[in-house]
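Heads up, the thing below is written out as structure tokens.
The values are calculated or read from the model by the stated rules, or taken from the named source; none is laboratory data. This structure is a prediction, so every number in the text was calculated from the model and none was measured. Heads up, the Cβs are rebuilt from the backbone with ideal geometry, glycines too, and the neighbour counts pull from every protein chain shown.
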Amino acid sequence: METEDSLVRKFAKQLIKLSLDLILGRITKARLYELSAGSLITLRINALKHLINQQDRKGLDLYEKLDKHEQQKLINAKHSLVTYLVRLNSLAKQKQTLAETANALTSYIERLCIDVNELRGKKVLEVGSGHTAALSNLGISKLVNVDPLMNIYIKHIEGFPDLYPDVIFLESDAESLPFEDNRFDFIICINALDHFNDARKATLEMGRVLQPGGKLFLNVDCKNRLNARVRKRVGHPYSFTPAKLRGLFEPTCLKVAFEKSIEIGPSHTMHFVKE
């Protein structure tokens, strides 16, 4: 296994070469960022490969039974990877459009098995929303989208969040939502739970901020991430099955009202009601 010093030296040599290519006009500044940042991310993840392989051999989720220091290294690598991918889209001048939002809404309806009219006039929270607002302009009285990388999205994605004046965007981890108890009528969480740092804490937090009688609409990819390619594994620390999802929510105040396996993903959809 390479040491941290050897990885740093390798990256420094690559950066010097790329900088020279920039001076000589062989590459653009955007290409310099793509190659240099990409190399750095790859080096960081490869330095953690032994941890990832160890978890796979044991059949464990990525952060399971690791000490806090090891967990934080993997979490930092995940955040760096996502930030890099977002900045690449920015450099490619990709601009968000309302047509993409309409497509996202169609996907939400299909994945979550919901009638969006149920959300009209209600207070709705989307947890792990990413850089979209599929539920914008639906007559929701208060729509709040939270994501741990929200400020990165706002800074680097053209057209976001200006397309969505009716949405409040906040940077927040799912494990420590910045709201008082019993705040929202509905919570949406789609294709996000397997990205969280601590899925158990996130379920408890969603239950805390949902008002009694309120509903959580959840959709999660159900794929076996064990032995996936390294970058994919870093970005998806959890692997879920329907049974594992049910077990995850058992200690919460949220009770299953509906569930269905969905071909898209493939994934699993669950509706919960807070008692």
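Counting only residues that are part of a loop (DSSP other than H, G, I, E, B) and touching a helix residue (DSSP H, G or I) at 6+ places or on another chain (Cβ under 6 Å), the range 49-76 holds 2 of them.
Only a single criterion out of (1) modelled with pLDDT of 90 or more; (2) of a type in the set (A, V, I, L, M); (3) touching a helix residue (DSSP H, G or I) at 6+ places or on another chain (Cβ under 7 Å) is not satisfied by Leu15, namely (1). Counting the residues of the range 222-245 that are touching an Asp or Glu at 6+ places or on another chain (Cβ under 6 Å) and of a type in the set (A, V, I, L, M) gives 1. Residues that are assigned to a strand (DSSP E or B) and in contact with an Asp or Glu (Cβ under 9 Å, 6 or more places away or on another chain) were ranked within the range 246-275; the one that is surrounded by the fewest Cβ atoms within 10 Å (Cβ to Cβ) is Lys255. For Thr97, the test of being among the β-branched types (Val, Ile, Thr) and surrounded by fewer than 13 Cβ atoms within 10 Å (Cβ to Cβ) is passed. Considering only residues of the range 212-245 that are in a strand (DSSP E or B) and of a type in the set (D, E, K, R), which is nearest to Glu275 (Cα to Cα)? So the residue we want is Lys215. Residue count for the range 86-114 under the criterion of being in contact (Cβ under 8 Å) with a residue 60 or more places away in the chain, over 30 Å from Asp181 (Cβ atoms) and assigned to a helix (DSSP H, G or I): the result is 9.
Here Ser136 passes the criteria (1) at pLDDT 95 or above; (2) of a type in the set (S, T, N, Q); (3) buried (at least 21 other Cβ atoms within 10 Å of the Cβ) except the one numbered (3). In the range 153-180, what count of residues is obtained for those that are touching a strand residue (DSSP E or B) at 6+ places or on another chain (Cβ under 9 Å) and within 22 Å of Met270 (Cα to Cα)? Residues meeting the conditions: 3.
Confirm whether Leu88 is among the aliphatic types (A, V, I, L, M), modelled with pLDDT under 90 and over 18 Å from the mean Cα position of the chain (by Cα).
Against the criterion (among the aliphatic types (A, V, I, L, M), modelled with pLDDT under 90 and over 18 Å from the mean Cα position of the chain (by Cα)), Leu88 does not qualify.
Being surrounded by fewer than 15 Cβ atoms within 10 Å (Cβ to Cβ), modelled with pLDDT under 95 and either over 29 Å from Asn151 (Cβ atoms) or assigned by TED's automatic domain parsing to the domain that holds Ala228 (or both) is true for just one of Arg31, Arg26. Which residue is that? Of the residues listed, the single one that is surrounded by fewer than 15 Cβ atoms within 10 Å (Cβ to Cβ), modelled with pLDDT under 95 and either over 29 Å from Asn151 (Cβ atoms) or assigned by TED's automatic domain parsing to the domain that holds Ala228 (or both) is Arg26.
Restrict the check to the range 153-165 and report whether at least one residue is modelled with pLDDT of 95 or more and within 16 Å of the chain's Cα centre (by Cα). The answer is no; no qualifying residue exists.
Does the range 115-122 include one or more residues that are in a helix (DSSP H, G or I), touching a strand residue (DSSP E or B) at 6+ places or on another chain (Cβ under 9 Å) and surrounded by fewer than 17 Cβ atoms within 10 Å (Cβ to Cβ)?
Here is the first cut: in the range 115-122, the residues in a helix (DSSP H, G or I) are 116-119.
Subsequent filtering for residues that are touching a strand residue (DSSP E or B) at 6+ places or on another chain (Cβ under 9 Å) retains 118-119.
The next check asks that each one be surrounded by fewer than 17 Cβ atoms within 10 Å (Cβ to Cβ); those that pass are 118.
Yes, the range 115-122 has at least one match.
Residue check: His69 meets all listed conditions (1) modelled with pLDDT of 95 or more; (2) within 16 Å of the chain's Cα centre (by Cα) but one, namely (2).
For the range 133-161, the set of residues classified as farther than 21 Å from Ala77 by Cα and part of a strand (DSSP E or B) consists of Lys142, Leu143, Val144, Asn145, Glu158, listed by residue number. Just so you know, in the range 203-257 the residues that are basic (Lys, Arg) and within 24 Å of Lys78 (Cβ to Cβ) include one that is modelled with the highest pLDDT, and it is Lys244. Within the range 47-64, residues that are of a type in the set (Phe, Trp, Tyr) reach partners that are outside any helix (DSSP H, G or I) with beta carbons closer than 9 Å, at six or more positions or on different chains, in the pairs Tyr63/Asn197; Tyr63/Asp198; Tyr63/Pro237; Tyr63/Tyr238.
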